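Colleague: Would you mind keeping the following structure in view while I ask a few things?
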2 protein chains.
Amino acid sequence: MTKAPEKRRSYRREHPDKRRVELMEATLRVIASRGVEAASVRAISSEAGVTPGLIRHYFASKEDLVCAAYAHHMTVMQRASSKASDTERGSAVERLAEFIRRTLSPPVTGAQEVQLWAAFIEKIGREPAMRQVHLESYRDFRLQLETVLRAALLEADHTPSQIELTRLTFACNAVLDGLWLESSALPDILPTDEVVQIGLQSVSRLTGLPLLNTRNDTP
Amino acid sequence: MTKAPEKRRSYRREHPDKRRVELMEATLRVIASRGVEAASVRAISSEAGVTPGLIRHYFASKEDLVCAAYAHHMTVMQRASSKASDTERGSAVERLAEFIRRTLSPPVTGAQEVQLWAAFIEKIGREPAMRQVHLESYRDFRLQLETVLRAALLEADHTPSQIELTRLTFACNAVLDGLWLESSALPDILPTDEVVQIGLQSVSRLTGLPLLNTRNDTP
DNA sequence: CTCTTTATTATACGAACGTATAACAATGAG
DNA sequence: CTCATTGTTATACGTTCGTATAATAAAGAG
């Protein structure tokens, strides 16, 4: 019994840049929802609505795709986060508080976000390209936090030295990272409003700035 | 050409409990050094010096083995950590400072440790057994930190309410988690002595306790 | 309309995976 | 010394993996 060739399914040609992004975002969705071990070439291409071979047309290897998806994800997150603190309305302290609230609330927190994040972190020690993406995205985030912190401190007539500011940024970054992680991984134990309160109070004590009653109740 | 049966290699019978532990620790070593995707049944059994079939004799599935290895790892870490703060020598504040130093120095920090940790975290949202291990080990760690914090605060004549203490524990836990992560993933940017200083200063500001010059210089 | 380009599909291949099963041998009991 | 127990090995099976290659069709140029 000879095998009859399969009927070829119809398809649309997409702009290469758009297709690349679709494939990267399909990768992120599969890892976030079903984990990194389920993120096979076949599962990702199926999620994107294409056949597995197409991935090899856009990416030299699966490793390349995952790394590009990581970089894409970080760029999108960075853009969304900086848009929030770019709005010049309100005082610098209020912008800092808003930054903290956003960092510790959905959609930044969430079980799927931490699953995605952990999948990438697991690779950075072993794959240089992943490590590079991590280094750059992490530095960008830290610089952004440092800018907001500096503005808030200057506003309060406190001019820190660069060493003080760098250390303070690391500390605030750490407490936000840690709270984000705990709240995302244990949403029942540490719900959103509780973790936001803890985050505001913690950064308040670390910086000496009054952040606790800055909520903009008249939006 | 018929295949000749392989010569059977000699072996030693081990006590079942010991063999179980060996297999779990081999799992941890493989994940820590080569990543979770390299941790196949064959790689793990090879690391343990046995043949793949033996894993099925001790564990119902690979998933079971990984989960047991996670629980084992957390138990060992917990035991090592609590041994450090159980020593009654020194004031409570000094014990808290020592706790922070240990948490932010090798061998607790390290690229392999964070790789191992991330591999487990990636699974807790999807596998109930892994989630359970995470919940319990995390609660244990937090209770231990809470105990040290309470003692240090009482020693400084500060008696916090339970709600205050719980929140403070979450905050200190978060900053230690975040600093541990940053220092482990970016050892070049945040070396050990720097991160220890930041950790001491941060917990000092969060709690109001004087931790900065508590180093026991005469060990 | 025809031709060229290339995005996309279909198919195939070897390797590695997790798991299952039966034979074997190390050990302790009697 | 003999036997039963079971820890351990050897082997096999079907599946899925990442990758490679050739055929095909959609889209734009002339």
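Colleague: At 7 Å along the Cα-to-beta-carbon direction for both residue B:189 and residue B:33, put a label point, then send me their distance in nm to one decimal.
Modeller: Calculated label separation equals 2.9 nm.
Colleague: For the pair residue B:165 and residue B:8, what calculated FRET efficiency results from E = 1/(1 + (r/R0)^6), where r is the Cβ-Cβ distance and R0 = 45 Å, to the nearest 0.05?
Modeller: Details: r = 61 Å, r/R0 = 1.35.
Efficiency at R0 = 45 Å is approximately 0.15.
Colleague: Let me ask something additional. Between the label point of residue B:20 and that of the same position in each other copy, find the distances and list them shortest first in nm, with every label point placed 7 Å from Cα along the Cα-to-C-beta direction.
Modeller: Nearest first, the other copies' label points are 5.2 nm away.
Colleague: If I model a spin label at residue B:60 and residue A:40 as a point 7 Å from the Cα along the Cα→Cβ vector, what separation in nanometres do I get?
Modeller: 2.4 nm
Colleague: When chain A is treated as a GNM, springs tying every alpha-carbon pair under 10 Å, which of A:37, A:25, A:155 comes out with the largest mean-square fluctuation?
Modeller: Top of the fluctuation ranking is A:37.
Colleague: Moving on. Please find, in a Gaussian network model of chain A (springs between Cα atoms separated by less than 10 Å), the residue of A:31, A:189, A:198 whose mean-square fluctuation is greatest.
Modeller: A:189
Colleague: Of the listed peptides B:61-69, A:177-185, A:91-99, what is their order by residue-averaged count of other C-beta atoms within 10 Å, with the highest listed first?
Modeller: Details: B:61-69: 18.4, A:177-185: 24.2, A:91-99: 20.8.
Highest-to-lowest ranking by the protection proxy: A:177-185, A:91-99, B:61-69.
Colleague: Right, something else. Rounded to the nearest 500, what is the 222 nm mean residue ellipticity of chain A from helices alone, with -39500 (n - 2.57) per DSSP H run of 4+ residues and division by all residues? Mind dumping the intermediate values first?
Modeller: Numbers: 9 runs with 152 residues, N = 219.
Using -39500 (n - 2.57) per qualifying helix, the result is -23000 deg cm²/dmol.
Colleague: Quick one: compute the contact order of region B:86-219, relative version, from alpha carbon pairs under 8 angstrom and 6+ residues apart, as a percent. Intermediate values should be presented prior to the final figure.
Modeller: On the way: 113 pairs, mean separation 52.0, N = 134.
Relative contact order for region B:86-219 comes out at 39 percent.
Colleague: If the elastic network links every pair of Cα atoms under 10 Å, which of A:119, A:60, A:174 fluctuates the most in the Gaussian network model of chain A?
Modeller: Sorting by GNM fluctuation, first place goes to A:60.
Colleague: Next question, about the same structure. Would you count, across chain A, every pair of lysines whose alpha carbons are under 27 angstrom apart, provided the pair is eight or more residues apart or spans two chains? Don't jump to the answer; show the numbers that get you there.
Modeller: On the way: A:7/A:18; A:18/A:62; A:18/A:83; A:18/A:123; A:62/A:123.
So the count works out to 5.
Colleague: State the three equivalent ellipsoid semi-axes of the protein assembly as shown, derived from the C-alpha gyration tensor as the square roots of 5 times its eigenvalues, in descending order and whole Å.
Modeller: Numbers: eigenvalues 334, 208, 60 Å².
Over the Cα atoms of the protein assembly as shown, the ellipsoid semi-axes are 41, 32, 17 Å.
Colleague: Hydropathy first: keep DSSP H helices in chain B averaging at least 0.0 on Kyte-Doolittle, then drop any whose Cα extent along the axis falls short of 18 Å, and list what survives. Please report the intermediate quantities before stating the final value.
Modeller: Details: long enough: B:16-34 (27 Å, -0.50); B:62-86 (35 Å, -0.38); B:111-124 (20 Å, 0.46); B:128-155 (40 Å, -0.19); B:162-185 (34 Å, 0.50); B:192-207 (22 Å, 0.18).
Result, helices passing both filters: B:111-124, B:162-185, B:192-207.
Colleague: Just tell me how shielded B:161-168 is by partners: mean number of partner chain Cβ atoms within 10 Å of each residue's Cβ, no decimals. The partial results should precede the final answer.
Modeller: Details: counts 0, 0, 0, 0, 0, 2, 5, 4.
Whole-number average of other-chain Cβ neighbours for B:161-168 is 1.
Colleague: Oh, and also: How big is the gap, in Å, between the Cα center of region A:115-161 and the Cα center of region B:160-174?
Modeller: If we compute the Cα centre of each part, the gap is 26 Å.
Read-outs throughout are calculated quantities, based only on the coordinates presented, and are distinct from any laboratory measurement. Computed from a predicted structure; not experimentally measured. We place every Cβ from the backbone using ideal geometry, glycine too, and count neighbours over all the protein chains shown.
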